[in-house]
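The values are calculated or read from the model by the stated rules, or taken from the named source; none is laboratory data. Quick caveat, the model's predicted, so the values are computed rather than measured. Quick reminder, even Gly has a Cβ in these numbers, built from the backbone with ideal geometry, and neighbours come from all protein chains shown.
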Amino acid sequence: MTDAADIRRLPPLKALRALEAIHLTGSVTRAAQQLRVSHSAISHQVRILEDWSTTPLFSRSGRTTVLTEAGRSLAMTAHRAFDEVRHEIDRLPLRQVDPVTVATLPLLATEVILPNLTTFTEKEPNVRLHVSLALSDRPMMHTPDLQILFVRRAAVLASDVTLFAGDAIPVCAPALVKRTGQSPEALLEAGPHIHDEDLRMWPTWVEQHRRGIQKRLGDEATMILLEGSLLIHEAVAQGLGVGFVRRAMSADKLASGELLACSEEAIDFDWVYVLRVAADRADDPQVQLVAKWLRRICTQRS
């Protein structure tokens, strides 16, 4: 049950809509035009917010009202929340269809699920499947029936099914070897090196396996920084540099020679891919069918 004090902590909905509109349009006048109300109606909502908040949300210069840093922060939060509501309204027809929902990481979607999807739909024509992308830094408004997650082993739940290991090795493309004239092993030091956005993987690997080149890696004049395994995987495949790929996710390309291992020494043994089923949907026959299929196509890579 929601406590009355929690409700009072929130400003009125109309005031939040006015705040969002001021943020998006840049002025009270244009906010009124966007919401199709009078200027005084928006001004009234501004005063409500000022009375509600102990932190200044607006500042004034003459007749101009602008958002403070706190005001912009709250406005952006309100905008994201309203966007979730708008998005959910657009998805209401999908809720009526009642598909089995699977949220997965982008690379796993393109490398594992999509290549096997036709086979599944031909075998199970009565199962409606909705696949979406799960981004680790963005919470979901609705918990999917099934999630494929990349987590530390310490965070694996008792009900999770471990699909395959998450250890990573440095690799390059044949195109990079041809362009530079250097062997995959030599490219470990020569680069160019493709880094993850938090600059974690190369320093971790060097610390564990090649301490002698740590300084040279940090001194690179040109640095390629990419967010997410999918971008790193694609950049490596296109010959842009040497980067880390999850060994299980890239097994086929390594076996075919599309990717070349620069070293078999790996990092991230404490990470795994797991299948997590929503507790309230675990007994649904169609959810169980999809879970069985996901386990089969994923564990083939382990």
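Annotations
- Sub-8 Å Cβ pairs linking a first residue in the range 173-184 that is in a loop (DSSP other than H, G, I, E, B) to a second residue that is β-branched (V, I, T), at least 6 apart or interchain, are A173/V236; S183/V177, ordered by first then second residue.
- Subset of the range 16-36 (residues that are surrounded by fewer than 20 Cβ atoms within 10 Å (Cβ to Cβ) and farther than 15 Å from R63 by Cα): R17, H23, L24, T25, Q33, Q34, L35, R36
- Condition check for L74: at pLDDT 85 or above and closer than 30 Å to I148 by Cβ: no
- Residues in the range 166-213 that are closer than 27 Å to S256 by Cβ and buried (at least 20 other Cβ atoms within 10 Å of the Cβ): 16 in all.
- Among the residues making up the range 235-254, those that are surrounded by fewer than 18 Cβ atoms within 10 Å (Cβ to Cβ) and under 11 Å from E111 (Cβ atoms) are A251, D252.
- In the range 107-135, residue nearest to V236 (Cα to Cα) [restricted to those that are assigned to a helix (DSSP H, G or I) and touching a residue at least 40 places away in the same chain (Cβ under 8 Å)]: L107
- Residue within the range 150-158 that is buried (at least 17 other Cβ atoms within 10 Å of the Cβ) and farther than 21 Å from W271 by Cβ present: no
- When residues in the range 174-191 are screened for being over 21 Å from R211 (Cβ atoms), among the small types (G, A, S) and under 33 Å from the mean Cα position of the chain (by Cα), 1 of them pass.
- Per-region count, the range 50-69, residues in contact with a Pro (Cβ under 6 Å, 6 or more places away or on another chain) and part of a helix (DSSP H, G or I): 1
- The range 87-106, subset part of a helix (DSSP H, G or I) and surrounded by 10 or more Cβ atoms within 10 Å (Cβ to Cβ), residue modelled with the lowest pLDDT: L94
- Answer residue from the range 255-290, given it is assigned to a helix (DSSP H, G or I) and touching a strand residue (DSSP E or B) at 6+ places or on another chain (Cβ under 6 Å) and is surrounded by the fewest Cβ atoms within 10 Å (Cβ to Cβ) among those: Q286
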